[in-house]
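The values are calculated or read from the model by the stated rules, or taken from the named source; none is laboratory data. Treat the numbers as computed from the prediction; the structure is a model and nothing was measured. As a convention, Cβ positions derive from the backbone with ideal geometry for all residues, glycine included, and neighbour counts pool all protein chains shown.
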Amino acid sequence: MAIKGKGRTKSRPPARAPRPAPVVRRPPFFARRWVQVVGAMLAGMGIVTIVVWATNGLRVDDDAKARDATAVNVRRVVQEWQTTVDGTLSKGGLGSSGGPGQITILPSLSTSVTSLASGTDDPKAGDTASTAVSLVGEGVKTLQNVDLPGMIRDKGLDLAMTNYLLNSKARMIDGLQLYGRVAAQVKAAVEAKDPAVTAALIREANALLPIATQVFNEGYTDYTEALARAGLLQPTAGTGLSGASGAG
């Protein structure tokens, strides 16, 4: 019997060593692309914020300076008008102050008209009327010669202040002219030879006097409102027709 011989044993080849795999090394945190992108965005936003903040600050500062300059212009314009008005109304007794923001025009004329209308004789009525005609004529001319629109132009006055100033001039002039008509009628009444004519003129003067007072007071109210808005009207008794401060 044949004996099988031992053959070569098959052996498995040894396992190969693992192939080296490339290792991806992550860059430092601040070197990463997305971090840099986000950082750049945040930095840009910060710069924009700073620029906006600085710009707004400069704009606010410029606005404040512009408001201050406008306030100075407004005060100067109103003060110039105040000097003219107060000087005109105080000249020769054209106006008599009744306290801050209050004034009575030609009080002697009003007294004469009231007396004559009630039938009381007033021997000084003629002289009072003649003086009133002269004072009113000078006052109207002085106020008319003031170029108030030119004073206001390009000074930054708002609409309300502009209206107060322009209306004050127009209504005060209208009121003074009505007072002038009252004075002229009283003067004519005193000089008239016919008692009927005298009585008719006195009636007309007496009817016109309250209208003159109302019209003038409307203008003077606008005038004092302009003074108050400009900080020139002081609520204390003192010199000056309107109790206004002339300090610049």
Answer yes if at least one residue in the range 151-168 is in contact (Cβ under 8 Å) with a residue 60 or more places away in the chain, of a type in the set (Val, Ile, Thr) and buried (at least 22 other Cβ atoms within 10 Å of the Cβ), and no otherwise. no
Would you pick out the residues in the range 108-129 that are exposed (fewer than 13 other Cβ atoms within 10 Å of the Cβ) and either of a type in the set (Gly, Ala, Ser) or part of a helix (DSSP H, G or I) (or both)? Ser118, Gly119
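Check whether at least one residue in the range 134-151 is among the small types (Gly, Ala, Ser), in contact with a helix residue (DSSP H, G or I) (Cβ under 6 Å, 6 or more places away or on another chain) and assigned to a helix (DSSP H, G or I), and report yes or no.
The answer is yes, given that some residue of the range 134-151 is among the small types (Gly, Ala, Ser), in contact with a helix residue (DSSP H, G or I) (Cβ under 6 Å, 6 or more places away or on another chain) and assigned to a helix (DSSP H, G or I).
If I filter the range 178-211 down to residues being β-branched (Val, Ile, Thr) and without any contact (Cβ under 8 Å) to a residue 24 or more places away in the chain, which single residue comes out as surrounded by the most Cβ atoms within 10 Å (Cβ to Cβ)?
Once the filter is applied, the top-ranked residue is Thr198.
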Of the residues in the range 75-93, those that are of a type outside the set (Gly, Ala, Ser), under 23 Å from Leu109 (Cβ atoms) and surrounded by fewer than 22 Cβ atoms within 10 Å (Cβ to Cβ) number 3
So, Ile103, is that one in contact with a strand residue (DSSP E or B) (Cβ under 9 Å, 6 or more places away or on another chain) and of a type in the set (A, V, I, L, M) or not? yes
Options Thr213, Thr239; residue that is within 18 Å of Leu94 (Cβ to Cβ), modelled with pLDDT of 95 or more and not hydrophobic (A, V, I, L, M, F, W, C): Thr213
